[in-house]
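The values are calculated or read from the model by the stated rules, or taken from the named source; none is laboratory data. Everything numeric in this text was worked out from a predicted model, so none of it was measured. FYI the Cβ positions are ideal-geometry reconstructions off the backbone, even for glycines, and counts take in every protein chain you see.
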Amino acid sequence: MAIVQARGNTLTAVGIPSTPQAGVQAKTARFNAPGWQSWILLAVLVLATVAVYYPAASHPFANYDDDAYVTRNSAIQSGLNWQTAQWAFTTYYEANWHPVTWLSHALDCQLFELDPAGHHEMNLLLHCCNVLLLFWVLWRATGYPGRSLMVAALFALHPINVESVAWVAERKNVLSMFFFLLALGAYGWYARKPRAGRMGIVILLYALALMAKPQVITFPCVLVLWDYWPLRRMLAPDATSSSGTHNVQPSPARSIRQLLWEKVPLLALSAASAILTMQAQFGGNAETYFPKYIRLGNAVLAYGKYIAKAVWPSPLTLLYPHPGYSLSWWQVGASLLFLLAVTAYVAQHWRSQRYLPVGWLWFLGTLVPMIGLVQVGVQAMADRYAYLPFIGLFIMICWWAADWSEERRIPQRLVVGASLVVLLALAVVARHQLNYWHDNQGLWAHALEVTTDNHVAEDNYGGSLLDLGEMEQAIPHFYRALAIWPGDTTAALNVGFYEAKHGNYATALEYYQKVVSRTTKPSLRAKAYMNMGYAYRELHDYSQSRDNLKMAVELDPKNGEAWTFLGVAAQRCGDFDLAVQAYRQGMRLRPTAWGYLLLSQALEQSGNPDEARVTRRKAEGMSLDFDKTQQDAASALSH
């Protein structure tokens, strides 16, 4: 891959060496400061990034995770306040512990409410900041503004990063990267003059990165690589090796023992984050679906596929189904041979081209938490998981290409032209990939087009049609999802709802029971129990309706509708004390005139006539048509 190198105030091709006089002058500089050309190119890069991604501001929220993170999350929608902060730091909601991400979403809701444009623009702003930070960190560490700029450009425009920027729920990805890069830059500052205060800043920034998303848990290992190159604090290079840096003095050397010892506080943070993550995921809805040998084989294959998508980023989609027992073992073998071949090449040049082992191990190592050895979810791999690891590949490619072109004295115009062609191609593909996020139907239709046996895509395409009120068009997708994976609880819930809408309550209850028995996810269980409560109510089995609605509100105590209909079921069972309690809770969460009227009736029946009269007047005051309010209340009790 071609590269453009800026030196001093002169923009030159990497293949044209500087004059001896220029070299002597450069050695006197503490850092090889980028010339004005580099700053202009960096500004152009940021503008290009905005131009590629800004259409996302007109996109809606995705119907996959964005509801849990924003549109149906009452804690987040309340904005930044003490209660939200307490919730963010104590919840394992959505099987994650990432309080900084929750607070970021709460800030968005306070600033933009539920206008998706602001949420998307914040993601883009963070991505642009990450582009600038990546350039700054690499330039300060290596002294090469041109090579650093090319790495930042690949990171900015590579289509595999579209998912991280265009998906509001992936705020955690761009936010954790922001703090990761700040911590990496602060570590370079610490390495030049080690001080406890400087290390304290590194620790703080790393803690913030972990609290945004624990994917950065390998940060201490990245620092060990960074010590080897470009900081060169470890294993001083011999006279024949290429440092891969330009006019940057090595940081003070340390023994390997010292380098490891200074990272103990960071490793302690990693260990704490790992414990919290396991508690969140395996105490919530995360499950292990396949045996170890399947997960190991898929991990090997996924590494190869990630590299393939780095070189040829197509097809890309939101979810790649796990192959499970149909895993292609010849593909696993081919991927393993390729990985071993690259590793052998890197090992052969580990001293002469230090950036090769650093970039390769960065890629391999930072992917470990997301590669599926510990499986969470049904995906085989995910584009968003490449956001951090691909930086290692980009470093390898750009530094190797730059050295190769210098050795062969490639003309500057060819280097510049090749660099621009690569970046333009990536930008075009990224913009094309972004277009799939324009609406949920297009997003999931594309997923179904480029993958097979994708029950999650079937679910969400069906869900997008339900959002448009097209139930008859949506239901075949849920049936297909169940045919692919009979344990699909989302599909079972929707099929049950469809059957209930058509009066087939016994069939609906069978599907709801499947949901309850097969998932540990509280939100799905709560919906299933609530729907069972409604179905039993239609069957006039009020005791079963009451019991299921009690389960629903225990799992989802902020569901005002479920509380109200629990009151209805309890009232029909003659349990007036429970009815009063449920109605009160329902009216606190979701007040309605007919609900207050039912509460007044339950109060009257429970022996509180004075309070019943006050509550009835409240119902009359809320109602615009009291006759209709009375009809609605009577209808609720008559089913």
message: Consider region 132-148. How many of its residues are touching a Ser or Thr at 6+ places or on another chain (Cβ under 6 Å) and either modelled with pLDDT of 95 or more or in a helix (DSSP H, G or I) (or both)?
response: 5
query: Which condition does residue 93 not pass, out of (1) surrounded by 15 or more Cβ atoms within 10 Å (Cβ to Cβ); (2) modelled with pLDDT under 95; (3) touching a Lys or Arg at 6+ places or on another chain (Cβ under 8 Å), if it passes all the others?
result: (3)
- line: Residues of region 126-150 being in contact with a Leu (Cβ under 6 Å, 6 or more places away or on another chain) and β-branched (Val, Ile, Thr), in sequence order, are 137
- line: Checked region 100-129 for anything surrounded by fewer than 22 Cβ atoms within 10 Å (Cβ to Cβ), within 20 Å of residue 205 (Cβ to Cβ) and without any contact (Cβ under 8 Å) to a residue 40 or more places away in the chain; matches are 103, 107, 125
statement: Being charged (D, E, K, R) and farther than 27 Å from residue 377 by Cβ narrows 575, 556 down to just 575
task: Within region 225-248, count every residue that is part of a helix (DSSP H, G or I) and either modelled with pLDDT under 85 or within 18 Å of residue 390 (Cα to Cα) (or both).
output: 2
message: Looking at region 408-466 only, could you name the residues that are closer than 22 Å to residue 310 by Cβ and not in a helix (DSSP H, G or I)?
response: 451
task: Could you tell me whether residue 111 is assigned to a helix (DSSP H, G or I) and over 19 Å from residue 227 (Cα atoms)?
output: yes
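Only one of 533, 586, 595 is in a helix (DSSP H, G or I), surrounded by 19 or more Cβ atoms within 10 Å (Cβ to Cβ) and at pLDDT 95 or above. Can you tell me which?
Numbers: 586 fails: at pLDDT 95 or above; 595 fails: at pLDDT 95 or above.
Just a single option satisfies the conditions, and that option is 533.
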query: Taking into account only those residues within region 34-77 that are out of contact with any Cys (no Cβ under 7 Å at 6 or more places or on another chain), under 18 Å from residue 159 (Cβ atoms) and surrounded by 20 or more Cβ atoms within 10 Å (Cβ to Cβ), which is modelled with the lowest pLDDT?
result: 45
statement: Within region 477-522, residues being within 24 Å of residue 550 (Cβ to Cβ) and outside any helix (DSSP H, G or I) number 3
task: Within region 323-358, track down each residue that is surrounded by fewer than 16 Cβ atoms within 10 Å (Cβ to Cβ), closer than 19 Å to residue 229 by Cα and among the polar types (S, T, N, Q).
output: 343, 348, 352
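For (1) charged (D, E, K, R); (2) at pLDDT below 95, each residue gets a yes or a no:
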{"site": "418", "(1), (2)": "no, yes"}
{"site": "421", "(1), (2)": "no, no"}
{"site": "446", "(1), (2)": "no, no"}
{"site": "453", "(1), (2)": "yes, yes"}
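Hey, can you tell me all the residues within region 379-420 that are over 30 Å from residue 216 (Cβ atoms) and of a type in the set (Ser, Thr, Tyr)?
Of everything in region 379-420, just one residue is over 30 Å from residue 216 (Cβ atoms) and of a type in the set (Ser, Thr, Tyr), namely 405.
Taking residue 182 as the residue in question, decide whether it is within 23 Å of the chain's Cα centre (by Cα) and closer than 29 Å to residue 312 by Cβ.
Working: within 23 Å of the chain's Cα centre (by Cα): yes; closer than 29 Å to residue 312 by Cβ: no.
The answer is no for residue 182.
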query: Between a first residue in region 400-416 that is under 15 Å from residue 353 (Cα atoms) and not assigned by TED's automatic domain parsing to the domain that holds residue 356 and a second residue that is of a type in the set (S, T, N, Q) and in a helix (DSSP H, G or I), which pairs have beta carbons less than 6 Å apart while being 6 or more apart in sequence or on different chains?
result: none
message: Which count do you get for residues in region 115-133 that are of a type in the set (A, V, I, L, M), closer than 17 Å to residue 158 by Cα and in contact with a helix residue (DSSP H, G or I) (Cβ under 8 Å, 6 or more places away or on another chain)?
response: 5
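Yes/no matrix, rows are residues, columns are (1) outside any helix (DSSP H, G or I); (2) in the same structural domain as residue 124 (by TED's automatic domain parsing); (3) in contact with a helix residue (DSSP H, G or I) (Cβ under 6 Å, 6 or more places away or on another chain):
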position: 179; (1), (2), (3): no, yes, yes
position: 191; (1), (2), (3): no, yes, no
position: 202; (1), (2), (3): no, yes, yes
position: 209; (1), (2), (3): no, yes, yes
position: 250; (1), (2), (3): yes, yes, no
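For region 525-544, enumerate the residues that are in contact (Cβ under 8 Å) with a residue 60 or more places away in the chain and closer than 22 Å to residue 558 by Cβ. Quick ask: steps written out before the conclusion?
We begin by selecting, within region 525-544, every residue in contact (Cβ under 8 Å) with a residue 60 or more places away in the chain; these are 537-538, 540.
The one that is in contact (Cβ under 8 Å) with a residue 60 or more places away in the chain and closer than 22 Å to residue 558 by Cβ: 537.
Which residues, counting only those in region 535-549, are touching a His at 6+ places or on another chain (Cβ under 9 Å) and aromatic (Phe, Trp, Tyr)? Spell out the reasoning first.
Residues of region 535-549 that are touching a His at 6+ places or on another chain (Cβ under 9 Å), as a first pass: 537-538, 540.
Within region 535-549, no residue meets the criteria.
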- request: For region 367-378, indicate whether the set of residues that are crowded, with 19+ Cβ neighbours inside 10 Å and modelled with pLDDT of 95 or more is non-empty.
  value: yes
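Go through 422, 450 for me and flag whichever is surrounded by fewer than 20 Cβ atoms within 10 Å (Cβ to Cβ), assigned by TED's automatic domain parsing to the domain that holds residue 160 and of a type in the set (Val, Ile, Thr). Before the answer, list the steps.
Working: 450 fails: assigned by TED's automatic domain parsing to the domain that holds residue 160.
That would be 422, the only listed residue that is surrounded by fewer than 20 Cβ atoms within 10 Å (Cβ to Cβ), assigned by TED's automatic domain parsing to the domain that holds residue 160 and of a type in the set (Val, Ile, Thr).
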